[in-house]
Each structure stands twice: as structure tokens, then as C-alpha cells.
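Okay, structure first, notes after.
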Amino acid sequence: MSGDTRKFGRGGPEIAPIGQGTWYIDRGDRTAAIAALRRGLDLGMTHIDTAEMYGDAEPLVAEAIDGRRDQVFLVSKVLPSNASRRGTVAACERSLKRLKTDRLDCYLLHWRGQYRLAETVAAFEELVAAGKIRSWGVSNFDVGDLWELLKVAGPDRIACNQVLYHLRERAIEHAVIPWCEAHGVAVTAYSPFGHDEFPLPRSTEGRLLQSIAEAHGATPRQVALAFLTRRPSLFAIPKAADPAHAADNAAAGSLRLSDDEIAAIDQACPLGPEPASLPML
């Protein structure tokens, strides 16, 4: 099972720390992907994240959650190129249609684009008032962008910031996580295993993860997810290609690492210097 729940942002619902991502999920076996999402729901991973950019992912999610919509914390994203006031509303309507639902639990600006944040925020608030979204947030926002957004939106309106975060990319720990924690904003880690960057079994990091995993009767990837969600503000949305993979991800939600284990991972997978700009995929 996915373990304990935690509040998604200052005013959000209680959800499991481990959710389900859908980036590239439409490029594999569709039947297995749908079964994986359903298995994840069975195990308490109710947070399902998708986006209009993700090809056929939204219709796939619609099929997976058919008859179970009320169990799901459903998130989608608007592309920056569509993020004018009218464009955001229209994009949301298209996503709702593809997802075969009447509302999103959270709607995100996928990354910062050409449109003024005031336009996008006005659209988000219009969608909230209409009952089409329950909350809104952003993705790939650095601290400077977050400060600007806060000035536009006011306090307690930004539900989350979805950002790149894995063992070999911890840049958000410098400033983004502290800012979000100070302002009641959930932090959602996308690509929590990296893209072909998960530590190899024979590497120093890989051997450490295996050692910690064996002590808990877990897997190295479960240890990684437990580390990435070690603070109450942190969530992760790994993708699963099949039901067994989904079950493996879900089990990470109940894994609790000791302070010594966290310190060992911190040393083996060091934070590194603060980059000039926020890493993103």
C-alpha cells in the first residue's frame, strides 16, 4: 500500500506521497499501462498526473479511471503557448473532454512562457469559480518566478510546484523547497528516477541503495522514492508500465528511512552547487 497521506499544499486534500505519472505512458503497451494505473489506484496512489502535452495520455487516463473518478486526485497541465486567459480556459475544456470528467483537482501551468502570469492566474481563478478545477499550481518554476506569481495571486492560492527531482538532480533543495515550504506549496517530483540516470547496481550509490533496501525488505527504487518524499511537503509521481511496477512504487509510500540512512544517501548522492537556472526536462 502507498502508506500514510499528507496534505497537498496548505489548503489541499490529504493524498499519498507517491502518485502516478503518465509522461510517455501512451508509447508503450496501452492495456498494461491502463492496468498499471488501476493497480496503483487499488493501492492508494490516487494522485494521477497528466498534461495536454503528453500525446494520448489523457484519453488513456480517462479509460483507467472510468467509474472511479471520485477516488482520484486528477492533475493536468496547460502548455505555455496556450496560457493566455482565453487560451487557458479553452485548453482546460479540451483536457476535461479528453479525460471524460467535469473537473480537475489541480491544473498547472507547465512552464513559464510568453503570456503574463496575471492572464493565466485570472483564467485559473475563473475555472475555480466555475467548478472546473479545484486548485491550481505551476511546474518548473524557480524561486524568482514563484515570488512574481505570489505577487499576482496572493497568499494561499498556489497549490503546488511540480519540478525535476531525483537522486542525481537535487537542485530544488537549495531554494525551491524552502520557498514552497514557507508558503504552503506542495512540491511534486517528476521523473523521480531520472531519465536513464538511476544509479547502477555496481556504483557506489547503487550499492548503498541496495544495502538500505535489504535492511527494509525493499528495493533500491523504493528507497529512492522514500528519500525524495522524506519531508511532509514532498510528493513524487513515478510512471509505471505494468501493474507489478505500480505495486513496487506504491510500497515506497510506507517505507521510512532512518536519519542515518538519509544522511548516507545525502553523502553518496551529493546536492552539488546551486545552478544558475532551474533544471527541467
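The values are calculated or read from the model by the stated rules, or taken from the named source; none is laboratory data. Small disclaimer: the values here were computed from a predicted structure and weren't measured. Backbone-built Cβ (ideal geometry, glycine too); neighbour counts: all protein chains shown.
Which residue out of SER191, SER139 is in contact with an Asp or Glu (Cβ under 9 Å, 6 or more places away or on another chain) and modelled with pLDDT of 95 or more? Of SER191, SER139, the one residue that is in contact with an Asp or Glu (Cβ under 9 Å, 6 or more places away or on another chain) and modelled with pLDDT of 95 or more is SER191. The residue that is nearest to LEU99 (Cα to Cα), among those in segment 1-38 that are touching a Lys or Arg at 6+ places or on another chain (Cβ under 9 Å) and of a type in the set (Val, Ile, Thr), is THR22. A single member of ARG221, ARG256, ARG207, ARG231 is among the charged types (D, E, K, R), in a helix (DSSP H, G or I), touching a residue at least 24 places away in the same chain (Cβ under 8 Å) and surrounded by fewer than 21 Cβ atoms within 10 Å (Cβ to Cβ), and it is ARG221. Of the residues making up segment 181-195, not one is of a type in the set (D, E, K, R) and under 12 Å from the mean Cα position of the chain (by Cα). Among the criteria (1) surrounded by 15 or more Cβ atoms within 10 Å (Cβ to Cβ); (2) over 23 Å from HIS110 (Cβ atoms); (3) of a type outside the set (Lys, Arg); (4) more than 17 Å from the chain's Cα centre (by Cα), the one ILE65 does not fulfil is (2).
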